[in-house]
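Chemist: I'd like to ask some things about the structure below.
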Amino acid sequence: MYHPYFRGKLFELITIREMAKLFADQNFVPVIEPVRESLGGLKKTLSAVREAGGRAIVIVNPYHGDHQDNGSSITRLLQEEFRDVDTISAGILLRNDMSVEEVMACYTQHAQHHPALVHAGFTEPKALAAALGDGLPGLTNVFVEDHAKLLYRKHFEQSTRILVRDGFKRQRNADYVVMEEFSDLHVTFGDLGMAGFGDFLMVGDAYTEGGGPAYAVAIHLTFIDPDKDDVMYIYHFVSDTKDTPTDPAGKFAQALAKLIAKLDSGTSHILETEAIKEFRALHAKGHFPGLGYIKKLSMKHHIETLADYLG
């Protein structure tokens, strides 16, 4: 049902490993686009998904990162380590520079790994649907909404269709408003004729290699508002210090104090997830675990929040 889209950086992969049991229990299917040359972390992550009895889709032709020119090592990993694992699918990323012939060649090459198609800029949906023919009903098609509007998606009506929306409006940390709408797709995906939905969590679809110095630190936390038709919103708790690249620990403490104050107000609608318990523990200890770890906690909270709503 829920298909969170991850780029395979360190803390994204750790998040999937730590949430593997919940993913399996909830029938959530992570989509992973590997962006790092080393595939050791990906192998470990897919093994955790398999051991938990879950499913995952792995992009074999990434658009971003170290494998964008050649994804053969990802294909090799699937063939050597996950050959007979029905629950690990090869995801084929369909961009605007691909032809129908190229898509079908990649599809055929990965036939033994239950390929799923991830539509993110492709321009020939009618011709592709015709080429897939009798294979269409058994296929999962994942559509990145900004690149695949209603008319585009109609060509694949016979298949299992998943719609992925980018609810995270990325800005400089210093520029975030306190709260804004994130998405209503968890409520409306069925009305749109979709079998499931996804998002890019609180990372967003825009890809960057690595963060520069943090002039401001922000904690991004989603919540579902029952008073507003269960729409999901996102808080941005931003440090007061925004004009120097030094002291990330001090800035985190400022942002965390705002988060705790909001939680304790009783009006936040933030679910008291395991991730929130960890934020509370960090506040009590006055500990700064690093910016990657904070992002991981925000992602875990988001997944736990959707699991609670959909469960």
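Chemist: Output ³J(HN,Hα) for region 50-57: one whole-Hz value per residue in order, computed from phi by the Karplus curve 6.51 cos²θ - 1.76 cosθ + 1.60 with θ = phi - 60°, and x for Gly and Pro.
Modeler: The phi angles translate into 4, 5, 7, x, x, 10, 8, 10 Hz.
Chemist: I've got another one for you. When the chain is fully extended, how far beyond the present Cα-Cα distance does Met179 get from Glu80, taking 0.36 nm per residue of separation? Numbers along the way, then the final one.
Modeler: On the way: separation 99, 0.36 × 99 = 35.64 nm, distance 4.59 nm.
Length gained, Met179 through Glu80: 31.1 nm.
Chemist: Ok, one more. Count neighbours as other Cβ atoms within 10 Å of each site's Cβ, and list the trypsin sites (Lys or Arg not before Pro) in region 119-196 that are DSSP loop with at most 16 such neighbours.
Modeler: The qualifying sites are Lys149, Lys169, Arg170, Arg172.
Chemist: Oh, and also: Restricting things to alpha carbons, tell me how big the chain is in terms of Rg and Dmax, in Å.
Modeler: Over the chain's Cα set, Rg and Dmax evaluate to 19.7, 60 Å.
Chemist: For Tyr2, list long-range residues whose amide hydrogen, built 1.01 Å from N in the peptide plane, is under 5 Å from its own amide hydrogen.
Modeler: Result for Tyr2 returns Val29, Phe197.
Chemist: Also, I was wondering about something else. When the helices in the chain are scored as -39500 (n - 2.57) per DSSP H run of 4 or longer and the sum is shared across all residues, what 222 nm value do you end up with, to the nearest 500 deg cm²/dmol? Spell out each step's value before the answer.
Modeler: On the way: 11 runs with 115 residues, N = 311.
Only helices count here, giving -11000 deg cm²/dmol.
Chemist: Related question: Tell me whether region 37-180 comes out rounded, prolate or oblate; compute the Cα gyration tensor, take square roots of the eigenvalues as a ≥ b ≥ c, and use a/c under 1.5 as the rounded threshold.
Modeler: Values: a/c = 1.61, a/b = 1.07, b/c = 1.51.
Oblate, because a/c is 1.5 or more while a/b does not exceed b/c.
Chemist: Right, here's the next one. Could you give the angle, 0 to 90 degrees to the nearest 10, between helix 248-265's Cα long axis and the longest principal axis of the Cα atoms of the chain?
Modeler: Result, in degrees: 90.
Chemist: Each residue of region 140-152 in order: what ³J(HN,Hα) in whole Hz does its phi give by Karplus 6.51 cos²θ - 1.76 cosθ + 1.60, θ = phi - 60°, with x for Gly and Pro?
Modeler: 9, 10, 9, 10, 7, 3, 4, 10, 9, 6, 3, 5, 4
Chemist: Given H placed 1.01 Å from N in the peptide plane, which residues other than close sequence neighbours of Ile59 have an amide H under 5 Å from its amide H?
Modeler: Residues meeting the amide H criterion: Ile32, Glu33, Gly91.
Chemist: R0 = 30 Å: FRET efficiency of Lys43 with Gln171, Cβ-based, nearest 0.05? Intermediate values should be presented prior to the final figure.
Modeler: On the way: r = 35 Å, r/R0 = 1.15.
It comes out at approximately 0.30.
Chemist: For the chain, which span is the longest to avoid every loop-located (per DSSP) member of GluC sites (Glu not before Pro) having at most 13 other Cβ atoms inside 10 Å? Numbers along the way, then the final one.
Modeler: Values: sites that count: Glu37, Glu157, Glu209, Glu272.
Looking at the chain, 38-156 is the longest stretch - no exposed GluC sites (Glu not before Pro) with at most 13 other Cβ atoms within 10 Å.
Chemist: Using amide H atoms built 1.01 Å from N in the peptide plane, name the residues 5+ places from Gly167, or on other chains, whose amide H lies under 5 Å from its own.
Modeler: Long-range HN contacts for Gly167: Phe200.
Chemist: Apply the Karplus parameterisation 6.51 cos²θ - 1.76 cosθ + 1.60, with θ equal to phi minus 60°, to every residue of region 266-281 and state each ³J(HN,Hα) to the nearest whole Hz, in sequence, with x for glycine and proline.
Modeler: Coupling constants for region 266-281: x, 10, 7, 6, 6, 5, 7, 7, 4, 5, 5, 4, 6, 4, 4, 5 Hz.
Chemist: Still on this structure, please answer the following. How long are the three semi-axes of the equivalent ellipsoid of region 218-310, in whole Å, if each is the root of 5 times an eigenvalue of the C-alpha gyration tensor, listed from largest down? If you can, show how the numbers build up before the last one.
Modeler: Working: eigenvalues 112, 37, 29 Å².
Three semi-axes, in Å: 24, 14, 12.
Chemist: Relative to the compact-globule scaling 2.2 N^0.38 Å, provide the ratio for the alpha-carbon radius of gyration of region 110-165.
Modeler: Values: Rg = 10.6 Å, N = 56, 2.2 N^0.38 = 10.2 Å.
My calculation over the Cα atoms of region 110-165 gives 1.04.
Chemist: How high is the relative contact order of region 218-310? Use alpha-carbon pairs under 8 Å, at least six apart in sequence, and give a whole percent. Walk me through the intermediate numbers first.
Modeler: Numbers: 101 pairs, mean separation 29.5, N = 93.
RCO, region 218-310: 32 percent.
Chemist: If the label point is 7 Å along Cα→Cβ of Asp97, which residues in region 120-148 have backbone nitrogen under 15 Å from it?
Modeler: 120-123
Any read-out appearing in this document is the output of simple, stated calculations on the displayed coordinates, not a laboratory observation. Bear in mind the structure is a predicted one, so any value in this text is a computation, not a measurement. FYI the Cβ positions are ideal-geometry reconstructions off the backbone, even for glycines, and counts take in every protein chain you see.
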